[in-house]
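These notes are about the structure you will find just below.
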Amino acid sequence: MMRRTHKIALIMVSILMIASLAIGGHEKEPKEKVKTSKGDLYSQLELFADAISLVRSDYVDEADSKKLIYGAMRGMLASLDDYSQFMDPEEFEEIRSETKGEFGGVGTEISLKEGILTVVTPIVGSPAEAAGIKPGDKIVRIDGKITKNITLNNAVNQMRGKPGTTVTLTVWREKTEKVFDVAIKRAIIKIKSVKDADFIDDKIGYIRLVEFQENTVRELDEALKKLESRGMDSLILDLRYNPGGLLDGAVGVAERFLAKDKTIVSIKSRTPEQNVEYRSSGRFVRRGYPLTIMVNEGSASAAEIVAGAIQDNKRGLVLGAKTYGKASVQTVIPLKDGSALRLTTAAYLTPSGKLIKNEGIVPDIAVPLQEAAAGKKEPPEDVFEKISEDKGEKKEAPLKEQLKKDNQLAAAVNLMKAVKVYKQEKQ
């Protein structure tokens, strides 16, 4: 038994060495760090090898080696934080499709908050948004299956499926303190980064940016060019319910509004030599018209980077509600068999050095949505069992109608009018 254990331990050490090479060579870590952790690492690997040996020898059925290793890697990554995860080859391909702006599913950005499956935000124009899913909703069942202690991978897999099929989500909403079922028909989610681009009032341009992808900067440039050619003299950039996306997209968007050599975002890693600071090149900056950035609790990650860059550089004002506070760096690292790790490798800091993770961006002008409930309420103990007859809410109205009902947007328009008057008087 001991000989078999040592053999398996050696195999696991070899696997770890291969993985280390695949992610860019962590063999360059300081020798002191490796030396102090090596003994503990080997003892834990021996424990893991004992468990594998017992499963292979005593489990009622013959165990598949790949499933064992994949399962172990899922658990290992899930134990780190809410965002690190292991992806098998199929899941990795889906992630790659998402960044290109097209994938299948219901269209929600989800995370685990204190062990509960939580909606960061529904994707604009998605079936989830149309069904009334809101940021902060707790998904307590998927097709009748309780989600307590579910992994993020399993939740995503259960919610995705063939377009045209239906998935039923059981949702707890803090505002109403009720649990209800929402039936959502799956579809191919095609995301355009720019949802709305038009004048909203008195030459005030309005652009709604719903996600940061490969085409985000190009779409924004097209929208800005169109509005500027029509005489736009101020801009509201709406990042509400924007779950983030690619860092390059966030940097590119911020560059459109910042003068040369302004800090956009800093990345703080475990080792100082891996720290990075992104600064504006000055090549793409638009005219210096007044700018307001709108955010809320559904604004996360790359959206928070843009809001923080505009706020700290005093290029414009941030209006709305405190953001989600998700801005940490997830690096996707491909492995040799087509699978991948999504590993949290660093944290984002605003130009003034403020940590965004778990803190969020606090608006310059706080304007709570009128329908928002005050105070935090915890789900009742039986929330995973309880179902009522309540239904989801209707989706947002078109832009012109929304202005009449959206107090945050109305406040942003009034702010822009006041800024323009002040600017004219000063001149």
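Rounded, prolate or oblate: which one fits the range 264-345, using the alpha carbon gyration tensor with axes a ≥ b ≥ c (rounded when a/c is under 1.5, else prolate when a/b beats b/c, else oblate)? Because a/c hits 1.5 or more and a/b exceeds b/c, the range 264-345 counts as prolate. Using just the C-alpha positions of the range 162-249 as equal point scatterers, what log10 of I(q)/I(0) does the Debye formula give at each q in 0.12, 0.15, 0.18 1/Å? Taken in order of the listed q values, log10 I(q)/I(0) reads -0.57, -0.76, -0.87. Among the lysines of the range 190-283, pairs that are 8 or more positions apart or on different chains and have alpha carbons within less than 23 Å of each other number 11.
For the range 50-148, the list of GluC sites (Glu not before Pro) that fall in a loop by DSSP and count at most 10 other C-beta atoms within 10 angstrom reads E62, E114. Scalar couplings 3J(HN,Hα) for the range 81-96, obtained by applying the Karplus form with A = 6.51, B = -1.76, C = 1.60 to θ = phi - 60°, are 6, 6, 10, 6, 7, 9, 10, 6, x, 5, 5, 4, 5, 5, 4, 5 Hz; x denotes Gly and Pro.
For the range 35-89, chymotrypsin sites (Phe, Trp or Tyr not before Pro) are listed when DSSP marks them as loop and at most 11 other Cβ atoms sit within 10 Å of their Cβ; the list is Y59. As a rough footprinting exposure proxy, the listed residues K357, K420 were ranked by other beta carbons within 10 Å of their own, and the order from fewest upward is K420, K357. Taking Cβ atoms as reference points and 11 Å as the exclusive limit, the residues near R286 contribute a net charge of +1, counting Lys and Arg as +1 and Asp and Glu as -1.
Using the Cβ of E277 as centre and a radius below 12 Å, the other residues enclosed give a net charge of +2, where K and R count +1 and D and E count -1.
No value in this document is a laboratory result; all are computed from the given coordinates. All of these numbers come straight from a predicted model, not from anything done at the bench. Counting neighbours? That spans all protein chains shown, and the Cβs are built from the backbone with ideal geometry, glycine included.
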